[in-house]
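Q: Structure incoming, see below.
The values are calculated or read from the model by the stated rules, or taken from the named source; none is laboratory data. Predicted model only: the values in this text are computed from it and were never measured. No Cβ is skipped: glycine too gets one built from the backbone with ideal geometry, and neighbour counts run over all protein chains shown.
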Amino acid sequence: MILLFTDYGSADPYSGLMRAAIWAHAPDVAIVDLLHEAPSFNTRASAHLLSAMSACFPIGSVCVAVVDPGVGSARSAVVMHADEKWYVGPDNGLLSVVAGRALQSELWRIDWRPEYLSDSFHGRDLFAPIAAWIDRGAFPHSKLSEIERLNIGLDYSDLAEVIYIDHYGNIMTGMRAAQIQRNAQFLFGSSTIEFARVFSDGLSGRPFWYKNSLGLVEFALNGASAALFLGAQVGDQFELYLPD
Amino acid sequence: MILLFTDYGSADPYSGLMRAAIWAHAPDVAIVDLLHEAPSFNTRASAHLLSAMSACFPIGSVCVAVVDPGVGSARSAVVMHADEKWYVGPDNGLLSVVAGRALQSELWRIDWRPEYLSDSFHGRDLFAPIAAWIDRGAFPHSKLSEIERLNIGLDYSDLAEVIYIDHYGNIMTGMRAAQIQRNAQFLFGSSTIEFARVFSDGLSGRPFWYKNSLGLVEFALNGASAALFLGAQVGDQFELYLPD
Amino acid sequence: MILLFTDYGSADPYSGLMRAAIWAHAPDVAIVDLLHEAPSFNTRASAHLLSAMSACFPIGSVCVAVVDPGVGSARSAVVMHADEKWYVGPDNGLLSVVAGRALQSELWRIDWRPEYLSDSFHGRDLFAPIAAWIDRGAFPHSKLSEIERLNIGLDYSDLAEVIYIDHYGNIMTGMRAAQIQRNAQFLFGSSTIEFARVFSDGLSGRPFWYKNSLGLVEFALNGASAALFLGAQVGDQFELYLPD
């Protein structure tokens, strides 16, 4: 299975063109459009989102991850094998949260360049064939060089920032909920946000936090948009407050 | 074939995560993203839309239907076999229009709970594996209890309300067109809407009604947005008027 | 492989309904959602966009192309084999830029009508089964009549107009970049647009042009929306200026 995680836009043709390129190299591969609305100009938020989602990837699957404002510049391209899952993408920080949290990982730089490489669409021209070969079990050793570490490594500890806002207006954060007690509160702007287990427990007109399905702290509002209510945007910061 | 009918948002990651979960249980299943923009806070409109679309589902196919604002609360989860098609989803009214109109149907409550069940994403954790097993022909008898009827049954007669607005601005209603004469008019706000067979027959600048491809009465405007013109929103009501 | 190029809307149910119809006739076909946001009321822009994308289609693939405001009227429906790729769609100009630029092409009118043909959704009812049969290798000779040329033929030379704007705000044009020198400038409204090879070469706050991944001239802005900056919309015209 190949999973696509990009900022290509769910309405634009780029994800379809990448899919066609993958199938040209590996006709029977199952491809999942996971997300094509990753935050374009916020590699850090995207890196934390990718890390949270990676828990859902099947063992042995290949994720093509592309949030790549520097495409065509000197940034390098990499293959990563982390905790038995594969990742293909730019070496610009996007893979570094997964890498930092992995118990076991291996890394390769992609030296190969295809006959035609556009300056702006490495997803289609470079990452798609590499991912297809890996998924088919034809690991392209001769096209790669093993490396010790990524060039760009972001801080991979929990991030007290908004990393994604969904169409309901729910606000995903870069904080993993597993370690956070239910009496914890979050201070977002002038609002204090307390815990509720499920949406129907949320008091009307008052945002709450809960552990979302990716294991992250998420701010929500029962039957309405927490993002509108709080005026939240990707990249906004907040504080954790633990009452005595 | 598995068809996905949800309010998960076509741009958000939830449909992809559900697809990955289905394929984890049934690797070769064909999955169709039918609709991920069902009206979130209007189970009744979604139920009528699902019923209209179900005419297009192949015999033996499985539809995962999720519009589920009460996820994580006490509402129950069900499997339905209606007129030789399968449905998996919450027992909150969403399946009740299909059920009410079916010539033949059977119902089961889902007793099984997976090892990990998130509070907010039963589509991925509960409905996806059940649908995968049914599609593979491994009906999960031991995980279900047959029941007599749904807990929540909505009125399944024609609904004189807006149930969906598409990106052209065309307005789908909950009224089935088969029984409605072509001289019928609809009163929407202060507008009177007459019949036209196809878009190019519609008079410029004047909304018309026609039988859409799902068999429903739809209000449209030739080359423009009827929804903008009429100020229509999902849930708006209107009246049928039959001239002498 | 079947590729879908339509204006059906990426969030609406029409593309899923067409996919289900294709799979009903050809269960194992790989289907790519290439684009469902082709410019609805601008067949010419859509025709140039389709032509540019067709370079990415695999040999032997089938593209269902539907931008069809006149659906249900007297316009005819066609199958085209152009440079070893198949196209199925309306004869309203949409296929004419591909046709005009093809080195070799054959054309057929679709005479067949299915038992049930809706007035508004020929993609599902007419084009889907035809495409499925062609892809399966069961060319439907008896349902077609060979024709000499399309009824509607648009000018297929380069088009100095905006044909698509993506979610980054990048502006695709109908001009092929291969023949255009790098010292060329474009005059768009009151702005003069010069060349840059990649986004990171673009001067901050100043739009540039580059050869995009489809081979077209594209206007962009490093880290921001060129469309917002220039106030551009699909159909806007501009001029090519070649300094001495």
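Q: With the requirement that a residue be in contact with a helix residue (DSSP H, G or I) (Cβ under 7 Å, 6 or more places away or on another chain), within 13 Å of C:ARG149 (Cα to Cα) and not aliphatic (A, V, I, L, M), what does segment C:74-98 give you?
A: Correct list: C:ASN92, C:GLY93, C:SER96.
Q: Now a separate question. Report yes if C:LEU159 is within 22 Å of C:PHE41 (Cβ to Cβ), out of contact with any His (no Cβ under 8 Å at 6 or more places or on another chain) and away from every other protein chain (no Cβ under 13 Å), otherwise no.
A: no
Q: Next question. What do you reckon, is C:ASP125 in contact with a Lys or Arg (Cβ under 7 Å, 6 or more places away or on another chain), outside the structural domain of C:GLU218 (by TED's automatic domain parsing) and either in contact (Cβ under 8 Å) with a residue 40 or more places away in the chain or over 21 Å from C:ARG19 (Cβ atoms) (or both)?
A: No, not satisfied.
Q: Here is a further query. How many residues does segment A:16-25 contain that are more than 8 Å from chain C (Cβ to nearest Cβ) and surrounded by 22 or more Cβ atoms within 10 Å (Cβ to Cβ)?
A: Counting residues in segment A:16-25 that are more than 8 Å from chain C (Cβ to nearest Cβ) and surrounded by 22 or more Cβ atoms within 10 Å (Cβ to Cβ) gives 2.
Q: Kindly check whether there is at least one residue in segment A:157-176 that is surrounded by fewer than 17 Cβ atoms within 10 Å (Cβ to Cβ) and without any contact (Cβ under 8 Å) to a residue 24 or more places away in the chain.
A: yes
Q: Next up: Does any residue of segment A:179-190 turn out to be within 14 Å of another protein chain (Cβ to nearest Cβ) and free of Cβ contacts under 8 Å to residues at least 40 places away in the same chain?
A: yes
Q: Still on this structure: For B:PRO69, are the conditions met, namely being away from every other protein chain (no Cβ under 11 Å) and surrounded by fewer than 23 Cβ atoms within 10 Å (Cβ to Cβ)?
A: So B:PRO69 does not fit the description; no.
Q: Determine if segment B:40-50 includes at least one residue that is within 14 Å of chain A (Cβ to nearest Cβ), closer than 19 Å to A:SER213 by Cα and in contact (Cβ under 8 Å) with a residue 40 or more places away in the chain.
A: No, there is no match, as no residue in segment B:40-50 is within 14 Å of chain A (Cβ to nearest Cβ), closer than 19 Å to A:SER213 by Cα and in contact (Cβ under 8 Å) with a residue 40 or more places away in the chain.
Q: Next up: Let me confirm something: among A:GLU218, A:GLU194, which residue is farther than 17 Å from A:LEU159 by Cα, touching a strand residue (DSSP E or B) at 6+ places or on another chain (Cβ under 9 Å) and not aromatic (Phe, Trp, Tyr)?
A: Selected residue: A:GLU194, the only one of A:GLU218, A:GLU194 that is farther than 17 Å from A:LEU159 by Cα, touching a strand residue (DSSP E or B) at 6+ places or on another chain (Cβ under 9 Å) and not aromatic (Phe, Trp, Tyr).
Q: Does A:GLU37 count as over 17 Å from A:ILE152 (Cβ atoms) and facing chain C (nearest Cβ under 9 Å)?
A: For A:GLU37, the condition - over 17 Å from A:ILE152 (Cβ atoms) and facing chain C (nearest Cβ under 9 Å) - is met.
Q: Still on this model: How many of the residues in segment A:72-86 are of a type outside the set (S, T, N, Q), surrounded by fewer than 22 Cβ atoms within 10 Å (Cβ to Cβ) and either within 14 Å of chain C (Cβ to nearest Cβ) or more than 15 Å from the chain's Cα centre (by Cα) (or both)?
A: Residues that pass the stated criteria total 6.
Q: Here is a follow-up. Which residue is nearest to C:ARG197 (Cα to Cα), if the candidates are limited to segment A:110-131 and must be assigned to a helix (DSSP H, G or I) and more than 12 Å from chain C (Cβ to nearest Cβ)?
A: This residue is A:PHE127.
Q: Then there's this: Looking only at segment A:187-236, count every residue that is assigned to a loop (DSSP other than H, G, I, E, B), in contact with a Phe, Trp or Tyr (Cβ under 7 Å, 6 or more places away or on another chain), crowded, with 18+ Cβ neighbours inside 10 Å and of a type outside the set (A, V, I, L, M, F, W, C) and tell me the total.
A: Adding up the residues that qualify gives 5.
Q: Still on this structure, I have one more. For C:GLU115, only one of the following conditions fails: (1) over 30 Å from A:ASP68 (Cα atoms); (2) surrounded by 15 or more Cβ atoms within 10 Å (Cβ to Cβ). What is its number?
A: Unmet for C:GLU115, out of (1) over 30 Å from A:ASP68 (Cα atoms); (2) surrounded by 15 or more Cβ atoms within 10 Å (Cβ to Cβ): (2).
Q: Among the numbered criteria (1) crowded, with 22+ Cβ neighbours inside 10 Å; (2) at the interface with another protein chain (Cβ under 8 Å from one of its Cβ atoms); (3) aliphatic (A, V, I, L, M), which one does B:ALA11 miss?
A: Among (1) crowded, with 22+ Cβ neighbours inside 10 Å; (2) at the interface with another protein chain (Cβ under 8 Å from one of its Cβ atoms); (3) aliphatic (A, V, I, L, M), the lone unmet condition for B:ALA11 is (1).
Q: Would you mind telling me which numbered condition in (1) assigned to a loop (DSSP other than H, G, I, E, B); (2) within 12 Å of chain C (Cβ to nearest Cβ); (3) touching a residue at least 12 places away in the same chain (Cβ under 8 Å) A:LEU94 fails?
A: Of everything listed in (1) assigned to a loop (DSSP other than H, G, I, E, B); (2) within 12 Å of chain C (Cβ to nearest Cβ); (3) touching a residue at least 12 places away in the same chain (Cβ under 8 Å), A:LEU94 misses just condition (2).
Q: Further question: Given the criteria crowded, with 24+ Cβ neighbours inside 10 Å and not charged (D, E, K, R), does B:GLY89 qualify?
A: Taking the combined requirement at face value, the residue satisfies it.
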